[in-house]
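The values are calculated or read from the model by the stated rules, or taken from the named source; none is laboratory data. All of these numbers come straight from a predicted model, not from anything done at the bench. We place every Cβ from the backbone using ideal geometry, glycine too, and count neighbours over all the protein chains shown.
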Amino acid sequence: MGDWIQLRGENSAVYLFDTRLVGMNTDNGKKFLFTLGLIALLLLLSWGLRTITRWVLRGSKNERAVFWTRQGIKLFTGVMLVFGVAAIWFDDPTTLTTGLGLVSAGLAFALQKVVSAIAGYFVILRGKTFNVGDRIAMGGVRGDVVALGFTQTTIMEMGQPPSVQGADPAMWVQSRQYTGRVVTVSNARIFEEPVYNYSHEFPYLWEEMMLPISYTADRARAEQILLEAAQRHAVPASELDSGTIDELKRRFFLDRVVTEPKVYYRLTDNWLELTVRFVVRDRGIRDVKDAMSRDLLRDLDAAGISIASATFEVVGLPSVRIQQTGGDGVA
């Protein structure tokens, strides 16, 4: 091999410029080459499987099928890599056991977050926390899940309604619409805090709109206007699958699920607060509330009902005495 690299001794130790490379011999060199070949083979196999998957599922709108297929390919190649490397390097079971013990100890001490993230990945794969395409709030981030890796979940971030606009991190989009930021969150966060899922089990949300009116306004007419707007734009009861509602009741032990729009009264110091509660789909909520707001303004103007605002009533004035003095200073 030349003067700069040599093989010496019974074990064919490798010398580089007369300096022995610790742990390097012909046997380890072969294992290293086999490992590189295995990695290249698995990368080629993964690419081929992904290509076949794209060809088979082209044009498919079933995002979950595509997602689970990709995750299956990742898991398969990952498992094959682990077992292949173990088979190449640990031909002695005793050495394998010792090596696994040392690796486990090192991982437990130095890579706690990574191990937790990988464990979170397998928990998520059970499908009960969230799937790709679900709208979630995780790690302080709200949005739609667009990708899932071994250690991180990628989320297309969305804004927040005005009622939670001050939550961290601050938002400039005042509704549940995309901000344009793509955020990665560690999978380990599922063990540390709640994960809010907007769409997994029940792809609908209960929304509310509040309308303040004065106590002298026509309350019955205002309530009717609210109900009519909600019935026009909310999800109709006929669209809600009764089987879905029944399954929701059964799985989560819900006693009563009200899906029809309803108006609630609340008394305040300044006005009567009418709140209409209704069901909407988990997407497009801002458009629904925008259309309802336009209808409400039109119908309230036609009915002569104004929206109340903060007012102050002066209930009394102090007596005022005016005194005029003449040129001599005498009143």
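List of remarks:
- Complete set of residues in the range 24-71 that are surrounded by 13 or more Cβ atoms within 10 Å (Cβ to Cβ), assigned to a helix (DSSP H, G or I), at pLDDT below 80 and over 31 Å from the mean Cα position of the chain (by Cα): ASN28, GLY29, LYS31, PHE32
- Test: VAL288 is β-branched (Val, Ile, Thr) and free of Cβ contacts under 8 Å to residues at least 40 places away in the same chain: no
- Test result for ASP269, part of a loop (DSSP other than H, G, I, E, B), free of Cβ contacts under 8 Å to residues at least 40 places away in the same chain and more than 21 Å from ARG294 (Cα to Cα): yes
- Selection status of GLU247, among the charged types (D, E, K, R), modelled with pLDDT of 75 or more and surrounded by fewer than 17 Cβ atoms within 10 Å (Cβ to Cβ): no
- Condition met for THR216 (of a type in the set (S, T, N, Q) and in contact (Cβ under 8 Å) with a residue 24 or more places away in the chain): no
- Considering the range 175-203, the residues that are among the hydrophobic types (A, V, I, L, M, F, W, C) and modelled with pLDDT of 90 or more include one that is farthest from PHE122 (Cα to Cα), namely VAL182.
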